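Peer 1: Take this structure first; my questions come after.
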Amino acid sequence: MNETELKPCPFCGGKAVLHVRNGVRVVCKDCGTGTIVLVDGESQGKPTSGAIESVIEKWNKRV
Ligand SMILES: [Zn+2]
């Protein structure tokens, strides 16, 4: 288990996706709502699971 489940968008109920590009963030595919971008400075162009888990946690706490 290395992936945490993303909850649906709290605003429109749309599907949330994890974007990994110069950092990680969670974005709703339907309305475009997203979290801030988190970057793990220790990685080399590849975010660590720590950053991914943090951004997913932020997304899931949005109610
Ligand atoms: Zn949405």
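Peer 1: Once label points are set 7 Å from the Cα along Cα→Cβ at both ASP30 and GLU5, what is their separation, rounded to one decimal in nm?
Peer 2: For ASP30 paired with GLU5, the spin-label model returns 1.8 nm.
Peer 1: Would you mind calculating the gained length between VAL17 and VAL37 on full extension (0.36 nm times residue separation, minus the Cα-Cα distance), in nm to one decimal?
Peer 2: Residue separation times 0.36 nm, minus the Cα-Cα distance, leaves 5.9 nm.
Laboratory data are not the source of any read-out in this text; all were calculated from the coordinates shown. Just so it is clear, the model here is predicted, and its values are computed rather than measured. Because the Cβ atoms are built from the backbone with ideal geometry, glycine has one as well, and the counts that use them run over all protein chains shown.
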